[in-house]
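Structure, as structure tokens:
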Amino acid sequence: MRIAVFGVGAMGSIYAALLADAGHEVWAVDLWREHVEAINRLGLRVEGASGDRTVRSLRATQNPADVGTCDLYIIATKAAGVAAAAEAIAPLLGPDSLVLTIQNGLEVSERLARHLPSNRVLLGVAEGFGASMEGPGHAHHNAMKLIRIGEPGGGASARLERLAELWRHAGFQAQAFEDIDQLIWEKFLCNVTFSAPCTVFGCTVGVLMQTPEWWRIALSCTAEAHAVGRARGVTFGFDDPLAYVTDFGAKMPAARPSMLLDHLAGRASEIDAINGMVPLLGREAGIATPCNDVLTAVVRAREAAFAGVSDPKL
């Protein structure tokens, strides 16, 4: 297949490298000039959970127009970059092109619908999957468990199964799921539990869980998000959300959420799509979300300071 990966940061680099190494024609599209240049000059090195390889068959560009029409476009940007990627992809679509988006947070399909035909879009969830950038042209694959793919409106389809097989052939564990919305919300609870709390307290998942006063705050964030999901009609696959996120975190005590890594690098995070989404949806449902309110405000204030702005609303 001819594939383009939009957003070739840590996660996108893993997707691009393994798919290209499986024999597909893969384009890597990213705004990071040094990264693009390194890939074109030396190839993309990926080491860690999926092995150690340098893939030289990739072609990288900062200009989406270079890519042309592909069979599959994968959007692996941060949540804030989804709309721009979709807008860039729209004029490139062929009659059978599909777009798979894999992000943290909620309401991704709504952002895509402003630019892309809804029947071309599939949603993905990366579970137990971690990566980090070592430098331009070099990514470290920390962990990989499962890529889950679904139709935005739910249900099974032949194209879902074909796409899952494509990922499996490239070395990923991948499955098609009939209720992807449930899976997105279940991952969202984990993101809410660990992202802003680990970022505000500057700690790993394990340290957060071992510090009673911090962990109580994190679990309060979980409970608020779960209440909002239930109010919106989400069917969760568990009865106890606190036990669910506790079990999730216990499997990766050394992990540092991407939000924390963003702050350590002095850059803005996905706060609006994760903890910041809980108060927004909570107000719509008439549910108070005080813990997510406070942690979101702290994260936004820090990010305003990164940009040299004293008032985060400016």
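Which aspartates and glutamates have a Cα lying under 19 Å from the Cα of Lys251, excluding residues fewer than 8 positions away in the same chain?
By straight Cα distance, Lys251 reaches Glu127, Glu186, Asp240.
Which one, Ala86, Ala225, Gly68, projects farthest toward the positive side of the charge dipole computed for the chain from Cβ point charges (K/R +1, D/E -1)?
Comparing the listed Cα positions along the dipole, Gly68 ranks first.
Would you work out if region 56-141 is rounded, prolate or oblate? Take a ≥ b ≥ c from the square roots of the eigenvalues of the alpha-carbon gyration tensor; rounded if a/c is under 1.5, else prolate when a/b is larger than b/c, oblate otherwise. It would help to have the intermediate numbers written out before the result.
Values: a/c = 1.90, a/b = 1.22, b/c = 1.56.
In terms of gyration-tensor shape, oblate.
Rounded, prolate or oblate: which fits region 170-298, taking a ≥ b ≥ c as square roots of the Cα gyration tensor eigenvalues, rounded meaning a/c under 1.5, else prolate when a/b beats b/c? List each step's numbers first, then the result.
Values: a/c = 1.42, a/b = 1.09, b/c = 1.30.
It comes out rounded by the Cα gyration axes.
Calculate the length of the line joining the C-alpha centroid of region 199-266 to that of region 36-60, in whole Å.
Each part's Cα centre sits 32 Å from the other's.
Hey, got the dipole for the chain? About the Cα centre, +1 on K and R Cβ, -1 on D and E Cβ, debye to the nearest 20? Each step should come with its number before you reach the end.
Working: 27 positive and 34 negative charges, 85 e Å.
Taking the Cα centre of the chain as origin, the dipole is about 400 debye.
Could you list which residues have their amide H under 5 Å from that of Arg45, counting only those 5 or more apart in sequence or on another chain, with H placed in the peptide plane?
Close amide H contacts, sequence-distant or interchain: Val55, His138, Ala139.
Read phi for every residue in region 50-56 and hand back ³J(HN,Hα) as whole Hz from Karplus 6.51 cos²θ - 1.76 cosθ + 1.60, θ = phi - 60°, with x for Gly and Pro.
9, x, 10, 8, 10, 9, 9
What are the ³J(HN,Hα) couplings of region 180-187, residue after residue, when phi is run through the Karplus curve with 6.51, -1.76, 1.60 and θ = phi - 60°? Round to Hz, x for glycine and proline.
The phi angles translate into 5, 4, 4, 5, 4, 5, 5, 5 Hz.
For the chain, give the share of DSSP beta bridges that are antiparallel, in percent and rounded to the nearest 5; count only bridges with both residues there.
On the way: 13 of 40 bridges.
Of all bridge pairs located within the chain, approximately 30 percent are antiparallel.
Sum up the charges of everything whose Cβ sits under 11 Å from the Cβ of Pro279, counting Lys and Arg as +1 and Asp and Glu as -1, but leave Pro279 out. Could the numbers behind the result be given before it?
Values: positive: Arg283; negative: Glu224, Asp272, Glu284, Asp293.
Taking every other residue near Pro279 into account, the sum is -3.
Where does helix 33-42 land angle-wise versus the long Cα axis of the chain, in degrees 0 to 90, nearest 10?
Compared with the principal axis, the helix lies near 40 degrees.
Can you tell me the dipole magnitude for region 1-154 around its Cα centre, using point charges on the Cβ only (Lys, Arg +1; Asp, Glu -1), in Debye to the nearest 20? Don't skip to the answer; put the middle values down first.
On the way: 13 positive and 16 negative charges, 11 e Å.
The calculation lands at about 60 debye.
What FRET efficiency comes out for the pair Leu280/Glu37, r = Cβ-Cβ distance, R0 = 45 Å, nearest 0.05? Don't skip to the end; give the middle numbers.
Working: r = 39 Å, r/R0 = 0.86.
Once rounded, the FRET efficiency stands at 0.70.
Using DSSP to define loop residues, name the trypsin sites (Lys or Arg not before Pro) in region 102-140 whose beta-carbon has at most 13 other beta-carbon atoms within 10 Å. Intermediate values should be presented prior to the final figure.
Working: sites: Arg111, Arg114, Arg120; in loops: Arg114.
When the trypsin sites (Lys or Arg not before Pro) of region 102-140 are filtered for loop state and at most 13 Cβ neighbours within 10 Å, Arg114 remain.
If you plug each phi of region 64-71 into the Karplus form 6.51 cos²θ - 1.76 cosθ + 1.60 with θ = phi - 60°, what whole-Hz ³J(HN,Hα) values come out, in order, with x for Gly and Pro?
x, 5, 5, 6, x, 7, 10, 6
Working with all protein chains in place, sort Trp32, Trp215 by solvent-accessible area computed with a 1.4 Å probe, largest first.
In descending accessible area the options line up as Trp32, Trp215.
What is region 118-221 by shape, rounded, prolate or oblate, if you read a ≥ b ≥ c off the alpha carbon gyration tensor as root eigenvalues and call it rounded for a/c under 1.5, prolate for a/b larger than b/c, and oblate otherwise?
On the way: a/c = 2.90, a/b = 1.58, b/c = 1.83.
Note, shape of region 118-221 comes out oblate.
Pull up the cross-link candidates among the aspartates and glutamates for Lys78, meaning alpha carbon to alpha carbon under 14 Å and not fewer than 8 places away within one chain.
Asp30, Glu107, Asp262, Glu270, Asp272
What full-extension length gain, to one decimal in nm, is calculated for Glu110 and Glu165 as 0.36 nm per residue of separation minus the Cα-Cα distance?
Numbers: separation 55, 0.36 × 55 = 19.80 nm, distance 2.65 nm.
My answer for the length gained is 17.2 nm.
For the residue pair Ser118 and Ser157, what label-to-label distance in nm results when each label sits 7 Å from Cα along the Cα-to-beta-carbon direction?
Label at Ser118, label at Ser157, 1.2 nm between them.
So if R0 is 30 Å, what FRET efficiency would Ala297 and Gln175 give, r being the distance between their Cβ atoms, rounded to the nearest 0.05?
Numbers: r = 38 Å, r/R0 = 1.25.
That pair, Ala297 with Gln175, gives E of 0.20.
Of all beta bridges DSSP finds with both residues in region 1-65, what is the antiparallel percent, to the nearest 5? Working shown, then result.
Numbers: 3 of 11 bridges.
Beta bridges within region 1-65, antiparallel portion: roughly 25 percent.
Points 7 angstrom from Cα along the Cβ direction at Glu134 and Ala65: gap in nanometres?
Rounded to a tenth, the inter-label distance reads 3.6 nm.
The values are calculated or read from the model by the stated rules, or taken from the named source; none is laboratory data. What you see is a predicted model, and the numbers here were worked out from it, not measured in a lab. FYI the Cβ positions are ideal-geometry reconstructions off the backbone, even for glycines, and counts take in every protein chain you see. Keep in mind that these areas ignore ligands, DNA and RNA; they rest on the heavy atoms of the full protein, side chains included. Shrake-Rupley method; radii C 1.70, N 1.55, O 1.52, S 1.80 Å.
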